[in-house]
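The values are calculated or read from the model by the stated rules, or taken from the named source; none is laboratory data. Computed from a prediction, not measured in an experiment: that's the story for all the values here. Here the Cβ positions follow ideal geometry from the backbone for every residue, glycine too, while neighbour counts run over all protein chains shown.
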Amino acid sequence: MKNILVTGGAGFIGSNFIRYLFNDTDFKGRIVNYDKLTYAGNLANLSDIAEKYQGKRYFFIKGDICDANKVSNTFKKFNIDTIVHFAAESHVDRSILGPEYFIKTNIEGTFTLLKSALNFWKNDKGFRFHHVSTDEVYGSLGARGYFYENTPYDPRSPYSSSKASSDHLVRAYHHTYGLPMTISNCSNNYGPYQFPEKLIPLMILNALEGKNLPVYGDGKNVRDWLYVKDHCSAIWTILEKGKNGETYNIGGECEKKNIEIVKKVCSILEEEKPSSLNPVLDGKKYSDLITFVKDRPGHDRRYAINCDKIKKELGWKQSFDFDLALRQTIRWYIENTDWVKSVKDGSYRKWLSKNYSLR
């Protein structure tokens, strides 16, 4: 791997992955960050990397993965040999309100990338297309059982349906045309730089601002939680050791009910920034802000990933304890007030618009 194209590299997981490659691996090549810079794309996530490597080993291209010409030209210009495809619309609630964006980006965008990759591949044995997917494609579990790599797909939302479709397209390009590829399906990620529409950062920031902490239904929906740096290390392991044509599940093996997560966030916040010292709480505790709201349509009850395959075949394992990593995540949001403010008030978009042409 000499020239890696990371799609969606300005987003939450993509930016953490790029930082991981530069700071935690022996990778010596170039990374091209290809991102459309939609609402969740923020180049401030990688300001330290850009300052150190921009124009040398790190390059940013503002582009839409649906733009075939731009994708193809980027492949040629940087002689791309590895694609790590993060770019996607990823929030279930948004997919319910506006599914057309998910169909366009997740299905058509992946199709465009695959076409360009196939044209550029030319039977290079070192070429690899790695597609990053989600455990939501498997559907919903009951109280027992796990998702395995061979679990039949049963997506329940426009988001998971669009990701399932993109997974099938990637496999089809491998089986039909021979395109070298791997796929990973991960569980719920958490960590620094996550856009505050997702559960953990939303609860942290709402609590600090004295706002309600909305919990869907009875709060007993179960998710498997994976620290983002563990996810990054797993993807790197797949790129280095993964077998062509294979799928690998990546999980935290850390099942928690949503209400457990919210209560734990409140508990850690009481230790890190006590509610008694937070004037916006007006005498309330963080846990007093928990509010149960009407359940989301089609809300899957439980996800749980079995990741024995990547552990046994590739030697990967998680490195972060959930409680410690959650505390580190909470501290990051408390300490990085400038980042939080720019995202909450939208001012990061103004900075981007001065430097990049935003549509």
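Before moving on, here are some points about what is shown:
- For the stretch 229-317, the strands (runs of 3 or more DSSP E) that sit wholly inside it and include 1 or more residues that are under 15 Å from Asn185 (Cβ atoms) and among the hydroxyl-bearing types (Ser, Thr, Tyr) are 247-250.
- Failed criterion for Ser15 (all others in (1) free of Cβ contacts under 8 Å to residues at least 24 places away in the same chain; (2) touching a Leu at 6+ places or on another chain (Cβ under 6 Å) hold): (1)
So that you can scan it fast, the table gives a plain yes or no per residue for (1) part of a loop (DSSP other than H, G, I, E, B); (2) at pLDDT 95 or above; (3) β-branched (Val, Ile, Thr); (4) crowded, with 22+ Cβ neighbours inside 10 Å:
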site: Ile4; (1), (2), (3), (4): no, yes, yes, yes
site: Tyr20; (1), (2), (3), (4): no, yes, no, no
site: Asp26; (1), (2), (3), (4): yes, yes, no, no
site: Tyr34; (1), (2), (3), (4): no, yes, no, yes
site: Ala44; (1), (2), (3), (4): no, no, no, no
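- Residue list for the stretch 298-338, restricted to those being at pLDDT 95 or above, out of contact with any Pro (no Cβ under 9 Å at 6 or more places or on another chain) and of a type in the set (Phe, Trp, Tyr): Trp316, Phe320, Phe322
- Strands (runs of 3 or more DSSP E) (entirely within the stretch 165-221) containing at least 2 residues that are surrounded by fewer than 21 Cβ atoms within 10 Å (Cβ to Cβ): 213-216
- Consider the stretch 120-148 and keep the residues that are in contact with a Pro (Cβ under 6 Å, 6 or more places away or on another chain) and farther than 12 Å from Asn185 by Cβ. The one that is surrounded by the fewest Cβ atoms within 10 Å (Cβ to Cβ) is Phe127.
Residue-by-condition table, conditions (1) under 25 Å from Ile250 (Cβ atoms); (2) assigned to a helix (DSSP H, G or I):
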{"residue": "Thr74", "(1), (2)": "no, yes"}
{"residue": "Leu113", "(1), (2)": "yes, yes"}
{"residue": "Asp124", "(1), (2)": "no, no"}
{"residue": "Leu141", "(1), (2)": "yes, no"}
